[in-house]
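Asks: Take this structure first; my questions come after.
The values are calculated or read from the model by the stated rules, or taken from the named source; none is laboratory data. Since the structure is predicted, the reported quantities are computational estimates derived from the model, not experimental observations. Here the Cβ positions follow ideal geometry from the backbone for every residue, glycine too, while neighbour counts run over all protein chains shown.
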Amino acid sequence: MEGKVTSQQLLPHLFRLEYAKMTAVICRHFGLQHIEIAEDIASETFLKATEVWGVNGIPDNPTAWLYTVARNKTKDFLKRQKIFDTQVKENIQADERQPAPDIEFTQQLFNDSQLAMIFAVCNPANSPGSQICLALQILCGFSVEEIADAFLTKTETIKKRLLRARTNLRNDDFRITTLQEDVIQPRLDTVLRTLYLLFNEGYFSASNNHVIRKELCSEAIRLTLILTEHPLTNGTKVNALLALMCYQSSRLDARADEAGETILFEQQDKELWSRELIDKGNYYLVNACSGNEVSKYHLEAGIAYWHTTPTDSKKWEHILQLYNELILIEYSPMTALNRTFAFAKVYGYDKGIAEAEKLQLEANSYYHSLLGYLYAGRDVNRAISHYNTAIRLTKSAAEKKTLRKEVERLKSSFS
Amino acid sequence: MKEFVLIFRTSNHADFKPSPEQMQERMNWLAGIASQNKLVDKGNSLSPVSARTVRSGNVVTDGPFTEIKEFVAGYVIVRAESIDDAVELAKDNPVLKSGGNVEVREVLKRDSNN
């Protein structure tokens, strides 16, 4: 097929893909304090591409073209820097970060640079929310507007958050040039947590922008995949997290209908589940279980695995058991509610209601939609009242719509 | 919120070799408390076999304190508004089904004592 691609179509795509990689590689030469220099070089490279490609057309190998330009720009910068260094030497500290005269953009360097950048960005000095913003901007090449859209937040708020996070990034003396166990290990849990939250932001977000939500999920997977490709980070927890992401993603297409409305798990078309991603999930889960470690990612991946087996008769017993273990590791209202749902599936809705009401999460919309669901076959009025409270409490428009439908259904079946 | 230790006592040795169903019941009880965000420490089970009692005069006897037939099988620490709330949590514990009992004791905090 001879499709004519214009530079206007190709550039945004390439930008997202290559900008982050390019920045990471160049940044390794300058150090984190000078991340702006790396970003400037990457931006200038793309600017030049828009100018030149607009006139001359797209080169045969656009990616190679970009990296040649980036390399030359970096060389120029270093040359200028050297002149500056020799002339105003006393102002410049002797630095072990001796920039190499040339950068070879090899696959190995891409991977190492990106991995180092992931660890630099996931700085515990920043809140998890800021880490995610920073990751989206620096590692994934998202614009401020796109990040704001994903978080349902004003662009000003995101800008402020990024500014603070970047200051911490520059001041952090994280050793980005070398990847060594002693710098990687202490930060690994923070990194996994941030990637986990990044994925969840896409998977559970209240944002109606499905394109962005899907991209958040696939970016989280891409970054986690980088961790599995390096011997220093390819541990069982990382594999468990990746398995979890694969299983959840396998249902992404089945979760929303054409109008963007959420489809409840039980009503999903299982044919739309991606077999390929489920198989990948199985692969990583097997890797994850090669040691004795059981992390929350293992348990959540286990739960997600059982959800991919809709016909297994013992499924809910297994799921309840895993939720029991999960809630002992870490309390969260969502885990408590999901556990109670599984409890009701195993021991019946009456016992489920008793267990649910002990949670007393009155301000949580999911608490009320769970009680609405459990009461539906027993006490329609209470079910409707709980559903209505849930509608009032939830911020998600899609959720509101789904719940309203449920209320209508109950009303009509009752009258 | 105060903290309370729930101490499980039993005279039934079979409680130490629980069936899968019993294990499941215990786990459900514990996770039910964790789901209310009231679990402080999931505690430990104590061995009835590897046990000694040490007394004054260098007297060491086998087994747990045997004058009473019941022995401590384990403990957990929970968080509750009052001792009555803690008692409510204890009431559902499966050890009661096999003739055991649960002692509920508030943890004394040094700094909250003055």
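Asks: Conditions: (1) over 26 Å from A:G352 (Cα atoms); (2) surrounded by fewer than 17 Cβ atoms within 10 Å (Cβ to Cβ). B:A73 meets all but one. Number of the miss?
Replies: Failed condition: (2).
Asks: What's the number of the condition B:V49 fails, among (1) hydrophobic (A, V, I, L, M, F, W, C); (2) within 24 Å of A:L359 (Cβ to Cβ); (3) exposed (fewer than 14 other Cβ atoms within 10 Å of the Cβ)?
Replies: So B:V49 meets the others, but not (2).
Asks: Which one of these does A:P333 not meet: (1) within 18 Å of B:S35 (Cβ to Cβ); (2) touching a strand residue (DSSP E or B) at 6+ places or on another chain (Cβ under 9 Å); (3) surrounded by fewer than 19 Cβ atoms within 10 Å (Cβ to Cβ)?
Replies: Exception for A:P333: condition (2).
Asks: Additional query: Quick one: in the range B:14-44, which of the residues that are in contact (Cβ under 8 Å) with a residue 60 or more places away in the chain and either under 21 Å from A:A344 (Cβ atoms) or over 13 Å from the mean Cα position of the chain (by Cα) (or both) is farthest from the other protein chains (Cβ to nearest Cβ)?
Replies: Step by step, filter the range B:14-44, then rank; the result is B:A14.
Asks: Related question: Just one of B:D41, B:D15, B:D92 is out of contact with any Asp or Glu (no Cβ under 7 Å at 6 or more places or on another chain), among the charged types (D, E, K, R) and either modelled with pLDDT of 95 or more or farther than 24 Å from A:Q321 by Cα (or both); which is it?
Replies: Only one candidate qualifies: B:D41.
Asks: Can you pull out every residue in the range A:287-321 that is within 14 Å of chain B (Cβ to nearest Cβ) and outside any loop (DSSP other than H, G, I, E, B)?
Replies: A:K296, A:L299, A:I303, A:W316, A:E317, A:H318, A:I319, A:L320, A:Q321
Quick grid of which residues meet (1) surrounded by fewer than 22 Cβ atoms within 10 Å (Cβ to Cβ); (2) in contact (Cβ under 8 Å) with a residue 12 or more places away in the chain; (3) over 21 Å from A:A254 (Cα atoms); (4) charged (D, E, K, R):
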| position | (1), (2), (3), (4) |
| --- | --- |
| A:P310 | yes, yes, no, no |
| A:L326 | no, yes, yes, no |
| A:T340 | no, yes, yes, no |
| A:Y349 | yes, yes, yes, no |
| A:A354 | yes, no, yes, no |
| A:H368 | no, yes, yes, no |
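Asks: Which members of the range A:24-57 meet the condition of being at pLDDT below 85 and outside any helix (DSSP H, G or I)?
Replies: A:G31
Asks: Being among the hydrophobic types (A, V, I, L, M, F, W, C) and at pLDDT below 85 is the filter here; which residues of the range A:108-124 pass it?
Replies: A:L109, A:F110
Asks: Then there's this: Filter the range B:45-67 down to residues that are aliphatic (A, V, I, L, M) and either under 16 Å from the mean Cα position of the chain (by Cα) or not in a loop (DSSP other than H, G, I, E, B) (or both) and give me whichever is farthest from the other protein chains (Cβ to nearest Cβ).
Replies: B:V59
Asks: Could I ask something else about it? Hey, could you check the range A:322-365 for residues that are in a loop (DSSP other than H, G, I, E, B) and of a type in the set (D, E) and say which is farthest from the other protein chains (Cβ to nearest Cβ)?
Replies: Only one residue fits best here, namely A:E362.
Asks: If a residue counts only when it is closer than 20 Å to A:L14 by Cα and of a type outside the set (F, W, Y), which helices (runs of 4 or more DSSP H) contained entirely in the range A:105-174 have at least 3 such residues?
Replies: A:107-121, A:144-151
Asks: From the list B:K42, B:K17, which residue is over 30 Å from A:E357 (Cβ atoms) and not aliphatic (A, V, I, L, M)?
Replies: Going through B:K42, B:K17 in turn, just one is over 30 Å from A:E357 (Cβ atoms) and not aliphatic (A, V, I, L, M): B:K17.
Asks: Here's another thing I want to ask about it. For A:T190, state whether it is among the β-branched types (V, I, T), closer than 18 Å to A:I118 by Cα and not assigned by TED's automatic domain parsing to the domain that holds A:L17.
Replies: yes
Asks: On the basis of being surrounded by fewer than 20 Cβ atoms within 10 Å (Cβ to Cβ) and either part of a helix (DSSP H, G or I) or at pLDDT below 85 (or both), does A:K21 make the cut?
Replies: no
Asks: Related question: Out of everything in the range B:2-13 that is polar (S, T, N, Q) and touching a strand residue (DSSP E or B) at 6+ places or on another chain (Cβ under 8 Å), what residue ends up being farthest from the other protein chains (Cβ to nearest Cβ)?
Replies: Checking each candidate, the answer is B:S11.
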